[in-house]
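This report concerns only the one structure given below.
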Amino acid sequence: MKNRPFHLNAICLLFEHIHLIMRLPENDKDYSTRISSIKALFTEAYLEENSNTGFGSGHRRKGERTVWQHRYWEHIIRDEDDLRRHFDYLHFNPVKHGLVHRAKDWPWSSFHRYVRQGVYSMDWGGEYSVDGCERFGE
C-alpha cells in the first residue's frame, strides 16, 4: 500500500485464493502490480512461517513454490447494486466452498468488520444449504 496505494474495501482469504474489493486512486488502473505484490509478500511470509510444518508447498510455477492460483480476475464495479452483490459473494465464499456452515464462522474475512459496522447481521447468509449457495453464484 505504501508503494502502490489502494483502499481495501473487503477481503476474504481462503486456502489457495483470495477475494479482494479494492479502490485504486483516480486514473490508476494498475491492479496487476498490486495483486502480484500482495501474493508475493503473503507467500514469502507464509512459507517462512510454515517452513517446518510441511505446509505451503502450494502450486508450482517455473520452479517456484506459491500458495496462490496463478491467475486472477478483475471486475470493475458498475454501481451500488453491483458492489453489494460482490460484497455478498466475497463474504459467502467460504460457505460456498464448504469450509464453514455460516459466513460468521470464517475468521479470515472482512465480514466481521462489517458486522461491527452494522452492514451485516451476525446471522447473515444463514446456515449452509445447497439452495442457499445459489443466491451467491459466480
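Some observations on this one:
- Region 24-52 residues that are within 18 Å of residue 7 (Cβ to Cβ) and free of Cβ contacts under 8 Å to residues at least 24 places away in the same chain, paired with ones that are charged (D, E, K, R) and in a helix (DSSP H, G or I) (beta carbon under 8 Å, 6 or more apart): 24/34
Results for (1) under 19 Å from the mean Cα position of the chain (by Cα); (2) modelled with pLDDT of 95 or more; (3) not hydrophobic (A, V, I, L, M, F, W, C), shown as yes or no for each residue.
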position	(1), (2), (3)
90	yes, yes, no
104	yes, yes, yes
115	yes, yes, no
127	no, no, yes
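- Test for residue 109: is it more than 20 Å from residue 13 (Cβ to Cβ), among the small types (Gly, Ala, Ser) and either modelled with pLDDT of 90 or more or touching a Leu at 6+ places or on another chain (Cβ under 9 Å) (or both): no
- Scope region 44-69; condition of a type in the set (Phe, Trp, Tyr), in a loop (DSSP other than H, G, I, E, B) and modelled with pLDDT of 55 or more; matching residues: 68
- Residue match in region 70-80 (condition: at pLDDT 95 or above and part of a helix (DSSP H, G or I)): yes
- For region 81-106, the set of residues classified as in a loop (DSSP other than H, G, I, E, B) and either farther than 13 Å from residue 14 by Cβ or touching a residue at least 40 places away in the same chain (Cβ under 8 Å) (or both) consists of 97, 99, 101, 102, 106, listed by residue number.
The values are calculated or read from the model by the stated rules, or taken from the named source; none is laboratory data. Note that the coordinates shown come from a computational prediction; the quantities given were computed from them, not determined experimentally. Quick reminder, even Gly has a Cβ in these numbers, built from the backbone with ideal geometry, and neighbours come from all protein chains shown.
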